[in-house]
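K.L.:
What follows is a structure written as structure tokens; I'll ask about it next.
Taken together, the values in this text are just the output of simple stated rules run on the coordinates, not laboratory data. The shown structure was predicted, so the numbers you read here are calculated from the model rather than taken from an experiment. With ideal geometry, Cβ positions are generated from the backbone for all residues, glycine too; neighbour counts draw on all protein chains shown.
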Amino acid sequence: MSVALFWLFAILACGGAISVVLCQNVSRMAASLILCLASVAVLYFLLGADFVGATQLMVYVGGTVVLLIFGIMLTSSSPSHQLRTSPADGFLAAGIGVLFLAIVAFTIGGVDWAANSQKLAAAEPARQGQQQQDLSHGMTTRPLALALMGVRPDKPGAGGYLLPFEIVSVHLLVVLIGAAYLARTKRRVVENQ
Amino acid sequence: MEAVSLNSLLWVGAVLFVCGVICMTTKRNAIGVLIGVELVLNGANLNFVAFSRYSPLALDGQVAAIFVIVLAAAEAAVALAIAMNFYNCHLSIDVDRGDELHG
């Protein structure tokens, strides 16, 4: 069941991403982006990352995409004047994209991930005796919150994330002030001045 | 989910990443470029969460994913403010018209 769901939403996510690239209309691109991001959120749920999936739905689909749609509405020019990519550029980009995907796929196929995981586990001898908490069934909210506060009951001996959390908090505040300063209303430039 | 291999998840992430890069390079609309950046960040995020599930990384991958989501939201806010300013200056959102610094 979950395997079928995985393939369904993996195909939906890839299809959404490809239709973002192919659409020339910006509003349709935003709609495809919503499909893609929501499918990725379902993939997170299937992977047992329930809090990350919920955050993805709330912050990305509910926040960032709405912000983008507001941007599209505020900057839309006349419908007759659409910004189109020239076909030559499109073919060139498609060729480069296929080559780029081939490089990434070659790299993915060339690495033995299971052996890497064993090496990683062997490199942490202090934690070998202790059983790591199984996160495959979700319930990650409490361990995640504790990790952000600097306590790691799920992985004894590992460091917490209190300092990055504080840095990100200050960063968000600075970004909010900066965005409000940048986007304040100014006198518009008259075109035939 | 045990039957789904790590490689298939990495494949989905790779497709999202490549689509985002193409979107960033080919779109002439500044908002389209922003959408491409979001796609790239999502591809990277999917890899983080996949590795948190299939490797001893465990919770660290999910914490990294949350930080990426927060930073992506901040980036979108600032980039949209810059796009608004660009639109106010040029009365167009075409990135090809931002060539004042062209040598």
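K.L.:
Suppose each label sits 7 Å from its Cα in the direction of the beta carbon; what would the A:Ala102-A:Leu74 distance come out to in nanometres?
P.N.:
Taking the simple label geometry, A:Ala102 and A:Leu74 are separated by 4.3 nm.
K.L.:
Suppose the Debye formula is applied to equal point scatterers at every Cα of the stretch B:1-41; what is log10 I(q)/I(0) at q = 0.18, 0.21 Å⁻¹?
P.N.:
-0.51, -0.60
K.L.:
Hey, another quick one. What does the average come to when, for each residue of peptide A:51-60, you count the partner chain Cβ atoms lying within 10 Å of its Cβ?
P.N.:
Counting Cβ atoms of other protein chains within 10 Å of each residue's Cβ and averaging gives 5.
K.L.:
Let me know the Kirkwood hydrodynamic radius for chain A, please, with Cα pairs as the basis and the value in Å to one decimal.
P.N.:
Evaluated over chain A, this radius sits at 21.3 Å.
K.L.:
Residues of B:42-52, mean number of Cβ from any other protein chain within 10 Å of their own Cβ, rounded to a whole number?
P.N.:
5
K.L.:
Quick check of the Kirkwood formula: for the stretch B:17-94, what is the inverse mean of 1/r over all pairs of different Cα atoms, in Å?
P.N.:
One decimal place: 13.7 Å for the Kirkwood radius.
K.L.:
With point charges of +1 on the Cβ of Lys and Arg and -1 on the Cβ of Asp and Glu, referenced to the Cα centre of the protein assembly as shown, which listed residue (A:Leu37, A:Ala123, A:Leu99) lies farthest in the positive direction of the dipole?
P.N.:
A:Leu37
K.L.:
Follow-up. Mind giving me the FRET efficiency for B:Thr25 and A:Val111? R0 is 25 Å, r the Cβ-Cβ distance, nearest 0.05 is fine.
P.N.:
Details: r = 27 Å, r/R0 = 1.07.
According to the calculation, E is roughly 0.40.
K.L.:
What number do you get for the stretch A:1-49 when its Cα radius of gyration is normalised by 2.2 N^0.38 Å, N = residues?
P.N.:
1.20
K.L.:
A:Ala145 to A:Ala121: FRET efficiency via 1/(1 + (r/R0)^6), r the Cβ-Cβ distance, R0 35 Å, to the nearest 0.05?
P.N.:
Numbers: r = 26 Å, r/R0 = 0.73.
The pair A:Ala145/A:Ala121 has a calculated efficiency of 0.85.
K.L.:
Another question about this same structure. What is the calculated FRET efficiency for B:Ile82 to B:Asn7, with r their C-beta to C-beta distance and R₀ = 35 Å, to the nearest 0.05? Don't skip to the end; give the middle numbers.
P.N.:
Values: r = 38 Å, r/R0 = 1.09.
Calculated value: 0.40.
K.L.:
Report, in deg cm²/dmol and to the nearest 500, the calculated mean residue ellipticity at 222 nm for chain A, where each DSSP H run with n ≥ 4 adds -39500 (n - 2.57) and the sum is divided by the residue count.
P.N.:
-21000 deg cm²/dmol, from helical runs alone.
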